[in-house]
Amino acid sequence: MKKKMNVVEKILSSHLVEGDAAKDSELGIRIDQTLTQDATGTMAYLQFESMGVKHVKNDLAVSYVDHNTVQIGFENADDHDFLASVAKKYGIIYSKAGNGICHQLHLERFGKPGTTLLGSDSHTPTGGGIGQIAIGAGGIDIAVAMAGGAFHIPTPKVRGIKLTGRLKKGVSAKDVILKVLEKFGTKGNVGWIFEYFGPGVATLDVPSRATITNMGAELGVTTSVFPSDKVTKQFLAAQGRAKDFKEITADKGAKYDDVFTVDLSKLEPLAAAPHSPGNIVTVKSMRGTRVNQIMIGSCTNSSYRDIRTVAQILKGKHVAEDVEVGIACGSRQVVNMLAKDGSLATLISAGCRILENACGFCIGAHMSPSTNAVSLRTNNRNFEGRSGTKSAKVYLVSPETAAASALTGEFTACTGTPAVPAPKKFPIDDEMFLYRKTAGKGVKGTKIVRGPNIAQVPKGTALAADLKGVAAIKVGDKITTDHIMPAGARLKFRSNVPEYAKYVFEPCDKSFHDNCMANREKNLANVIVAGESYGQGSSREHAALCPMYLGVKAVVAKSIERIHRANLINFGIIPFTFADAKDYDKIKAGDKIEIKGLKAAIEGDGTAVLKTAKGSFTVKTSLSDREKRLILCGGLLASL
Ligand code: MIC
Ligand code: SF4
C-alpha cells in the first residue's frame, strides 16, 4: 500500500537529493526557486561570483530591493546598481526599489505550490501560504542553490496544526499565529516544520495563510506550510497564474509527529508584548493603556486584504490626536488597488502617513518611535531596540487591532468590520521586474558595477589543532541577530564587512570589536559565550561573517537557533553547546580559554574539553560529515 503522506512529505520526497528521512539526521533537497533581498543579497552575489558559474542554474532566481531604500548617502544606491548589474549578467530577475517587499511580491507573482524556495531572509516561509516549502537561509546557501547545489535541512519532525471553526469578526490570521507562538514559544522548535490542516484551512484566504507562515519564522522552525487547494487555485487565477496551480493536500490518514488544534472561533485579539514575539497577552488585558505610535505593514501584514481592512475601519474617521500612524503597503499592486478603490484617500483623510512600500519601519529604517513610546505594530519582531528606539515598548498586533487602536489612542480590540472578499482579478504590472526575458540565461558581457561600498568577502582559515583564546563576550538567553549585528542605521554597511564588523554586539558591548581585534593581533581566538536560543531572528549571515572577520572561532551556548547555527558553520565558526548547561556559570567574559585537540574533536564525535583558569568542562557539537568538512577548512567559501 502506498504510504499516506502529509504535504511536507510530499514536497520533500519529490525534491530529495541526499539522505534518507528514515535514518539520516540531515537531508539535501533540490531548490527550484531562490530569492534574495538587498541587505543580504550583495554578500550572496559576491559569493556567487566567486563560484565562477556562468549563469543561475535553478528554475527561477529573483533579486529584490526592499530593505535599504532610504538612500541617505551613496551606499544603498551603490548596492542597488551592483545588484542590478549582477542580475542582468547571471539571469536573475531584478525587482527595483519601489516595487515592494520581497515576500509579498514573491507570493503575488512567482510562488508555486509544490516547489521549493530558498531565500536569504528568515521570512521566506511566507511562501508556505501558497503551498511551497519555503525556507530562509544565509546568503551563501542561496549562492550554492543558484549554482545548482542542494540545500541541507535537519530531517524534519512535522507538527500538524489542525484548524477548526471560523474566525470571529475583528480577529484575523495574526491572532492565529500569535496563539501558536503562545503555545510553542520562540525557542525549542528547531528542526520542526509546522503544517496546517483541518476544516478551518478553507476559511482562510492566501494572504491570511501567508501571514501565519511568515510569522512562523519566530517559532524558530524550519518552515511552515499550508496545503494548496481551491483557495490557492482562485488566488493564482486572480494573479493571472492559473497554470502555476497544483493541488497538494495531505492524504487521508497521513501522520504527524504531533498535533495541536486551534479552534478559530474561540480566538480573541492578541498582542506580543515587549520584547519577544512569544510574549503573548490579550488585547483586552491591555485596555486603557495609551499608545503613541501605530505602524501598519511589513511582510506579515501588508496585503490588499490587510490594508483595505484598515481603511474600512478608519473610513470617515480620524486617528486620535496624540497618535502617529504610518502605513507601508507590501507592493505596488496593493498600492494601485487601494488607489483605485478609494482606500488610499480614506487613509490619507484619516491622518495616516503613507510610507514607501518597503521594509522601512520594520527594520528600524523609518519612523522610530519617541523615547519610552508605546508602539503598536503589525510586523513580526519586537526585539528590544529593533524599532531604532531602545526604550520604546513595541507590541505586535493584527491590522484590525492596530486600526481600532489608532482611532482611540489606546489598546482597543476591533469589534468587527466587513470582510474583504478575495479579489477576482488583481491588476498585473510586472514592469518593475527587470531582465525577465533573459532570466536563467543572463546577458553576456555585462559589466558588474562596483561602487566604493562594495568590498571583498573575507575567507576563513583552516582550523588549528588546538584553540587558545579568550571569552570575548558573555551574553544571556535569546540573543537575537539584531543584538549581534544591528540593522537600522547600520544597515548600509552590509556590503562592507570591515566597516560593518565595527558594530558587532554594539547593543551589548561597544568594545567588542576593539577587544577582538586586540586578541586577534596576539594570535588569540575569540569565543562567544551565550545562553539559550542564541542567534534568534534574522537570517543575516553577517552575524557570523563579521565575527569570523574579527577572529571568532567558536560560540559556546546553551542552545543555538537553526539558521544562525548553519551560518556559523558556513563561516567556519564552531557551534558548541555546554554538555551541562550549568557550566555556563563557570565562565565569564575575559576568561582565558583553551581547548586541546580541537581539530581532532571536530574530526571525531564533536566532544571537547574546554579549560579555563577555574577548571574544565565538556562542550559538544553534533556535525554531519558535510559540516565537519566546512569547519575544518574555515567555511564554505574557503572550501570551494
Ligand atoms: C529581518 O526582518 O530581521 C530582516 C532584516 O529581514 C532579516 C534579513 C536581514 O537581516 O537582512 C531576516 O529576517 O532574515
Ligand atoms: Fe522586511 Fe520586516 Fe519582512 Fe524583514 S520582517 S523582510 S525587515 S518587512
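Divide the volume of the convex hull of the Cα atoms of the stretch 375-416 by its number of residues and quote the answer in cubic angstrom per residue.
In the stretch 375-416, the Cα hull volume divided by residue count equals 62 Å³.
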Fill in the blank from the handout: Taking r as the C-beta separation of residue 614 and residue 514 and R0 as 30 Å, the FRET efficiency to the nearest 0.05 is 0.70
Handout entry: Separation of alpha-carbon centers, the stretch 486-521 and the stretch 7-34, rounded to whole Å
Key = 37 Å
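What dipole magnitude, in Debye to the nearest 20, does the chain give about its Cα centre under +1 on Lys/Arg Cβ and -1 on Asp/Glu Cβ? Intermediate values should be presented prior to the final figure.
On the way: 83 positive and 62 negative charges, 164 e Å.
About 780 debye.
Pop out the Kirkwood hydrodynamic radius of the stretch 211-315 from its pairwise C-alpha distances, inverse of mean 1/r, in Å to one decimal.
Values: mean 1/r = 0.0573 Å⁻¹.
When all Cα pairs of the stretch 211-315 are included, the Kirkwood radius is 17.5 Å.
If you build the convex hull over the alpha carbons only and average its shadow over all orientations, what do you get for the stretch 1-131? Give it in nm² to one decimal. Spell out each step's value before the answer.
Numbers: hull surface 37.9 nm².
For the stretch 1-131, averaging the hull's shadow over all directions gives 9.5 nm².
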Completion exercise
A 1.4 Å probe over the protein heavy atoms gives the chain a carbon and sulfur accessible-area percentage of 51 percent
Fill in the blank from the handout: Accessible-area order for 353, 629, 540, largest to smallest, probe 1.4 angstrom, reads 629, 353, 540
Exercise for the section: Two decimals is fine: what's Rg over Rh for the stretch 400-458, C-alpha atoms, Kirkwood radius as Rh? Expected result: 1.31
Practice task
In whole angstrom, note down how far apart the Cα centers of the stretch 151-185 and the stretch 60-107 are.
Solution key: 31 Å
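Working out 0.36 nm times the residue gap between residue 430 and residue 580, then minus their Cα-Cα distance, what length gain in nm do you get to one decimal? Present the calculation step by step, with values, prior to reporting the outcome.
Working: separation 150, 0.36 × 150 = 54.00 nm, distance 5.45 nm.
Working it through step by step, the gained length comes to 48.5 nm.
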Exercise for the section: Pairs of Cα atoms under 8 Å, at least six residues apart: use those to get the relative contact order of the stretch 523-601, whole percent. Expected result: 31 percent
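Sorted from largest to smallest, which semi-axis lengths in Å does the alpha carbon gyration tensor of the stretch 489-565 give for its equivalent ellipsoid, taking the root of 5 times each eigenvalue? All intermediate terms of the calculation are to be shown ahead of the outcome.
Details: eigenvalues 70, 57, 23 Å².
In descending order, the three semi-axes are 19, 17, 11 Å.
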Handout entry: Fully extended contour minus Cα-Cα distance, from residue 261 to residue 54, at 0.36 nm per residue
Key = 69.7 nm
Exercise for the section: Find the percent of Cα-Cα distances in the stretch 509-640 that exceed 19 Å, and round it to a whole number. Expected result: 47 percent
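Please state, rounded to one decimal and in Å, the Kirkwood hydrodynamic radius that the chain gives when every pair of distinct Cα atoms enters the mean of 1/r.
On the way: mean 1/r = 0.0406 Å⁻¹.
It works out to 24.7 Å.
Short version: what are the Cα gyration tensor semi-axes of the stretch 379-497, square root of 5 times each eigenvalue, largest first, in whole Å? Walk me through the numbers before you get to the answer.
Working: eigenvalues 313, 211, 38 Å².
Sorted largest first and rounded, they come to 40, 32, 14 Å.
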Completion exercise
If the chain between residue 522 and residue 345 were fully extended at 0.36 nm per residue, the gain over the current Cα-Cα distance would be 57.5 nm
Exercise for the section: Report ³J(HN,Hα) in whole Hz for each residue of the stretch 23-28, in order, from the Karplus equation J = 6.51 cos²θ - 1.76 cosθ + 1.60 where θ = phi - 60°; Gly and Pro get x. Expected result: 10, 9, 8, 9, 10, x
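Per the Kirkwood formula on distinct C-alpha pairs, the Rh of the stretch 594-640 is how many angstrom? Before the final figure, lay out the partial values.
On the way: mean 1/r = 0.0872 Å⁻¹.
With all distinct Cα pairs of the stretch 594-640 included, I get 11.5 Å.
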Fill in the blank from the handout: What helix-only [θ] at 222 nm does the chain give? Using -39500 (n - 2.57) per DSSP H run of at least 4, over all residues, to the nearest 500, the answer is -7500 deg cm²/dmol
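Can you give the alpha-carbon Rg of the stretch 71-225 over 2.2 N^0.38 Å, where N counts its residues?
Numbers: Rg = 17.1 Å, N = 155, 2.2 N^0.38 = 15.0 Å.
Taking N as the residue count of the stretch 71-225, the ratio is 1.14.
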Problem - Debye intensity ratio I(q)/I(0), log10, the stretch 268-380, q values 0.14, 0.15, 0.21 Å⁻¹ (C-alpha model) - result: -0.57, -0.66, -1.27
Practice task
Tell me, rounded to the nearest percent, the portion of alpha carbon pairs in the stretch 548-619 spaced more than 15 Å apart.
Solution key: 56 percent
Exercise for the section: Sort out for me the Cα centre separation of the stretch 191-253 from the stretch 455-480, rounded to whole Å. Expected result: 39 Å
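At a 10 angstrom cut-off on C-beta neighbours, averaged per residue, how do the peptides 41-49, 178-186 rank from highest to lowest?
Details: 41-49: 25.7, 178-186: 20.6.
Highest mean packing first, the order is 41-49, 178-186.
The values are calculated or read from the model by the stated rules, or taken from the named source; none is laboratory data. Just so it is clear, the structure is predicted and the values come from calculations on it, not from any experiment. Cβ coordinates were reconstructed from backbone atoms using ideal geometry, including for glycine residues, and neighbour counts include every protein chain displayed. Surface accessibility is based on the protein's heavy atoms, side chains included, excluding ligands, DNA and RNA. Shrake-Rupley method; radii C 1.70, N 1.55, O 1.52, S 1.80 Å.
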